[in-house]
Structures are given as C-alpha cells and as structure tokens.
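Here the structure comes first, spelled out in structure tokens, and everything after it is commentary.
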Amino acid sequence: MERIYIGMGSNLADPAEQLRNAVEALAQLPQSALVGVSAFYQSDSLLPGQPRYTNAVAALDSSLAPLDLLDALQSIENGQGRERLERWGPRTLDLDILLFGDRLIDEPRLKVPHYHMQERAFVLYPLAELAPADLRLADGRDLKDLLAACPFVGLERLPPT
C-alpha cells in the first residue's frame, strides 16, 4: 500500500455535492482505503468568466498501479458527468493524482508530482491538512517550502457540511 493524495475540484452542478459523491466513490475503490479528506475550499477559476471552484484533497492508501488508479479516477469523473471540452474549462468533477507514495512518474498520461501544484493554493493548503508536516515530495521539494512560496490568497475555507 502506498499513500496517494488526490486533488478534487468542481465548479458545476452543485460542486460541494460533486466532491462528496467523489469521496464516496473513492472509498469504494478496490485495493484501496480512504484515509482522510481535507476541508472544502472555494477559489476563483484559472480562466475568467467561469464559476468559482470548490476544491479539496483526499488521502488514499492503495495497492493499485498508478495508471490503474488514473483509469479508476477518470471513470468516477465520467460517472459524474465530466466532459472534456476545453483545457481548464468548467467541470462537474476533476480528480488529479498529486502524489503517489515516493514515486516520480513521467508517463504521457500521468505526471507525478502533479505539474503546477506548487503554484496552486487550492491544492497546497488542503494537502497540508492531511500530509505530515515534514512531507518531502519525490522530486525533493518540501511541502512547507511550497506553502511559504504560495500565499493563502483567493481561497475561502468552507465550513463543514
């Protein structure tokens, strides 16, 4: 079993409900155990004119292979109405593998650690709720250094529901 962190985001069709449904689906994955889920956060879209996103991070222990987990996550997305019409476009659900144990993965379909996560407060702050304080990414970067370089700006921590 490896500890995997999964970024979750939605800005369509009741985003908080989409994330709650995704958490339920993650808990049902084979060869896996859901370990925890961060608080939900709202943030502005990366592209102007889109609804705000609701984001969170889930921690999963799994013995699934990385691409098998990716396939399972994309199946969950599709089951919740995900349509891939434009890059960074609005979506019912986005599930991204942020970290996969201590692995560096560079496949055409999967890059881990997730690219650009160091620039995204809506990923780093929920991740910090679940990860050990001394977490070091497989590429040698420390989570605490990434947090220090990425201010908590434009984020709103939502109350528990």
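Going residue by residue through the stretch 65-81, is there one that turns out to be in contact with a helix residue (DSSP H, G or I) (Cβ under 6 Å, 6 or more places away or on another chain) and within 21 Å of L135 (Cβ to Cβ)?
No; the residues of the stretch 65-81 include none that is in contact with a helix residue (DSSP H, G or I) (Cβ under 6 Å, 6 or more places away or on another chain) and within 21 Å of L135 (Cβ to Cβ).
Confirm whether Q42 is at pLDDT below 95, surrounded by fewer than 22 Cβ atoms within 10 Å (Cβ to Cβ) and not charged (D, E, K, R). Step through it out loud before you land on a result.
On the way: at pLDDT below 95: no; surrounded by fewer than 22 Cβ atoms within 10 Å (Cβ to Cβ): yes; not charged (D, E, K, R): yes.
Answer is no for this residue.
So which residues in the stretch 95-118 are more than 15 Å from the chain's Cα centre (by Cα) and more than 24 Å from G79 (Cα to Cα), if there are any at all? Break it down stepwise before answering.
We begin by selecting, within the stretch 95-118, every residue more than 15 Å from the chain's Cα centre (by Cα); these are 102-109.
Within the stretch 95-118, D102, R103, L104, I105, D106, E107 meet the criteria.
Output the qualifying pairs, or none if there are none: Cβ atoms under 6 angstrom, residues six or more apart or on different chains, first residue in the stretch 99-123 and of a type in the set (D, E), second residue modelled with pLDDT under 95.
D102/A138
Among the residues of the stretch 20-39, which ones are in a helix (DSSP H, G or I) and crowded, with 22+ Cβ neighbours inside 10 Å?
A22, L26
Residue by residue, here is whether (1) buried (at least 20 other Cβ atoms within 10 Å of the Cβ); (2) of a type in the set (K, R); (3) modelled with pLDDT under 90; (4) touching an Asp or Glu at 6+ places or on another chain (Cβ under 8 Å) holds:
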{"site": "E83", "(1), (2), (3), (4)": "no, no, yes, no"}
{"site": "R103", "(1), (2), (3), (4)": "no, yes, no, yes"}
{"site": "D106", "(1), (2), (3), (4)": "no, no, no, no"}
{"site": "H114", "(1), (2), (3), (4)": "yes, no, no, yes"}
{"site": "L137", "(1), (2), (3), (4)": "yes, no, no, no"}
{"site": "G140", "(1), (2), (3), (4)": "no, no, no, no"}
{"site": "C150", "(1), (2), (3), (4)": "no, no, no, yes"}
{"site": "R157", "(1), (2), (3), (4)": "no, yes, no, no"}
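Mind listing just one residue for me: the one in the stretch 45-61 that is of a type outside the set (S, T, N, Q) and surrounded by 16 or more Cβ atoms within 10 Å (Cβ to Cβ) and, of those, farthest from A131 (Cα to Cα)?
Y53
Tell me which of these L70 doesn't satisfy, since it passes every other one: (1) closer than 22 Å to S45 by Cβ; (2) in contact with a Leu (Cβ under 6 Å, 6 or more places away or on another chain); (3) part of a helix (DSSP H, G or I).
Every listed condition holds for L70 apart from (1).
The values are calculated or read from the model by the stated rules, or taken from the named source; none is laboratory data. Everything quoted here is computed from the prediction, not taken from an experiment. Positions of Cβ are generated from backbone atoms using ideal geometry, with glycine treated the same way; all protein chains shown enter the neighbour counts.
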